[in-house]
Amino acid sequence: MEFLPYLKYILGLLFVLGLIGLITVAARKFGMVANADSRRSDKKRLGVTSVFSVDAKRRLILIRRDDREHLVLLGTERDLLIESNIPIKRKQSDTEDSGNELEEADDTAPKYPTIPSPFKKKQRQTNE
């Protein structure tokens, strides 16, 4: 039994897998793959916080700008802004102040009006 043909197949397979890995690293380095950088840098004003694939054609992206975040739905034919000016809530260790920034972030959160439910029973007023 000769091992030379098996050795050639194994070396060929390793060569092809190495080429695939090399192409993957090159694609990431040159920005051909959309990925979210988990390391935040305070020097950058604009960044992608997270990317979520909704389906094969649409992606949900959370974009950070200064101290705000924006939620955008990207599709093949059109893009849609879902929510804008979301305040970033920082941890206590991130702030140098006494923690007043946390309270300010909660105050600037968008207030949505409450819509009365048509299924809620109304209380009747009795005239006695």
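Since every read-out is calculated from the coordinates, none of them should be taken as a lab result. Since we're looking at a predicted model, the values are computed, not measured. Methodologically, a virtual Cβ is constructed for each residue, glycine included, from the backbone with ideal geometry; neighbour enumeration extends over all protein chains shown.
The table that follows gives values for the structure above.
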item	result
Rounded FRET efficiency, nearest 0.05, which uses the C-beta distance separating LEU14 from SER53 and R0 of 35 Å	0.65
Förster radius 25 Å - calculated FRET efficiency between ALA27 and ARG65, Cβ distance, rounded to 0.05	0.40
Residues ASP67, ASP55, sorted so that the one with the fewest Cβ neighbours within 10 Å comes first	ASP55, ASP67
Approximate spin-label separation LEU81-ARG45, in nm, with each point projected 7 Å along Cα-to-Cβ	1.7 nm
